[in-house]
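Structure first, commentary second.
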Amino acid sequence: MTSPLFSATVAGSLPKPAWLSETQKLWPQWKSQGDELAQAKLDATLLWIKAQEDAGLDVIGDGEQSRQHFVHGFLEQVEGIDFEHKVKMGIRNNRYDAMVPQVVSALRLKGRVHAAEARFLRAHTARKIKFTLPGPMTIVDTVADQFYGDRVKMAMAFAELLNQEALALQADGVDVIQFDEPAFNVYMKDAADWGVKALERAAQGLTCTTAVHICYGYGIKANTDWKETLGGEWRQYEEIFPALAKSSIDQVSLECFHSHVPPHLMALLEGKDVMVGVIDVASDVVETAEQVADTIGLALKYVPKQRLLACTNCGLAPMNRDVAIKKLEALAKGAALARERYADRAS
């Protein structure tokens, strides 16, 4: 299965239909329960598989339709975590408060976490499929530790569980396994020191394509307000890209369009495939194909064309569904236009 130049894909999450859950919320409540909810999740997944194919994307995801939140969807199948007694905690270095579960004993998987969604996704598209998991550092930043007393030790414990599920997802036929690590943009020194090591532990033994997604967050107010404090240049990637360039991870997903990330920082990822964010998730304005192609052209100054993929800046979960679909279409059309423009460029 060969991939076209500038393959188009989403970072992960997509909006949930109104009949599945609350809409335009980062932590939505489900509209049903039990077997009815399980079926509704798969129905929503099928809807987004079709929508991604219709838009023209090359790598299809499940849109994280079965997860209330990208981190907690994994944690629900982990023993040693108390969801009954959530506590309020500042996450992403106190950027915003969230009600989070507590780690109360040694961690172990109850069983498979995402088998149903992954197998369903594989059965319903002939295109390459990507499945996302939260990265160990970001999980550590989204739970309250009442047991380990050491962030690194707990991250490695989570990494082992993630690795078990990732190997099983690979056996389910997943082509790309992506770990989401927004915490890498918050705790840069820790990310370079032990975060990448924990990430590599989570990906240990995988022979499918491995990826890490590092963003500046969903288009919610807490994140957009935080971005306003970062100044004219966002240089967080500068501290972590060198460590990732030396790592065993194959692909790195990053923000680009409408961000203040200096584009030349992409050159620090030499030897890696780069998923360039060409779609802004913090705005309802739909990009044009020309804007997407222009962003790809900018990235080509620093990334070889064979290593460049077109992606969204982050997940689209809190976004209006119609807007999200239009943005997916712009993503695919822009990648196609870029192929016309730059296919003959030497790199």
Can you name the condition, by its number, that residue 298 falls short on among (1) more than 18 Å from residue 224 (Cβ to Cβ); (2) open to solvent by less than 30 Å² (accessible area, probe 1.4 Å); (3) hydrophobic (A, V, I, L, M, F, W, C); (4) without any contact (Cβ under 8 Å) to a residue 60 or more places away in the chain? (2)
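One line per residue, one yes/no per condition, for (1) out of contact with any helix residue (DSSP H, G or I) (no Cβ under 7 Å at 6 or more places or on another chain); (2) surrounded by 15 or more Cβ atoms within 10 Å (Cβ to Cβ); (3) touching a residue at least 24 places away in the same chain (Cβ under 8 Å):
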{"residue": "80", "(1), (2), (3)": "yes, yes, yes"}
{"residue": "88", "(1), (2), (3)": "yes, no, no"}
{"residue": "100", "(1), (2), (3)": "yes, yes, yes"}
{"residue": "110", "(1), (2), (3)": "yes, no, yes"}
{"residue": "117", "(1), (2), (3)": "no, yes, yes"}
{"residue": "123", "(1), (2), (3)": "yes, no, no"}
{"residue": "134", "(1), (2), (3)": "no, yes, yes"}
{"residue": "138", "(1), (2), (3)": "no, yes, yes"}
{"residue": "142", "(1), (2), (3)": "yes, yes, yes"}
Looking only at region 151-190, filter to residues that are assigned to a loop (DSSP other than H, G, I, E, B) and in contact (Cβ under 8 Å) with a residue 60 or more places away in the chain; which one of those is farthest from residue 204 (Cα to Cα)? 186
Residue satisfying all of: in region 168-182; at pLDDT 95 or above and under 13 Å from residue 214 (Cβ atoms); nearest to the chain's Cα centre (by Cα) among these: 180
Among the residues of region 47-82, write down those that are of a type outside the set (Asp, Glu) and closer than 21 Å to residue 159 by Cβ. 67, 69, 70, 71, 72, 73, 74, 75, 77, 78, 80, 81
Would you check which residues across region 188-222 are farther than 30 Å from residue 160 by Cβ and not small (Gly, Ala, Ser) and list them? 220, 221
Write out, first by first residue and then by second, each pair whose Cβ atoms fall under 6 Å of each other, whose residues are 6+ apart or on separate chains, and whose first residue, in region 320-339, is acidic (Asp, Glu) while the second is open to solvent by 10 Å² or more (accessible area, probe 1.4 Å). 329/55
Sort out which residues of region 288-314 are out of contact with any strand residue (DSSP E or B) (no Cβ under 8 Å at 6 or more places or on another chain) and under 26 Å from residue 20 (Cα atoms), and write them in order of number. none
Filtering region 214-243 for residues that are in a helix (DSSP H, G or I), surrounded by 21 or more Cβ atoms within 10 Å (Cβ to Cβ) and aliphatic (A, V, I, L, M) leaves a count of 1
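Being touching a His at 6+ places or on another chain (Cβ under 6 Å) and open to solvent by less than 20 Å² (accessible area, probe 1.4 Å): is that true of residue 247 here?
no
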Go through region 27-57 and report how many residues are open to solvent by less than 20 Å² (accessible area, probe 1.4 Å) and in contact with a His (Cβ under 7 Å, 6 or more places away or on another chain). 1
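The values are calculated or read from the model by the stated rules, or taken from the named source; none is laboratory data. As the structure is a prediction and not an experimental result, all values here were calculated from the model. Because the Cβ atoms are built from the backbone with ideal geometry, glycine has one as well, and the counts that use them run over all protein chains shown. Just so you know, the surface numbers come from the protein's heavy atoms only, side chains and all, with ligands and any DNA or RNA stripped out. Shrake-Rupley method; radii C 1.70, N 1.55, O 1.52, S 1.80 Å.
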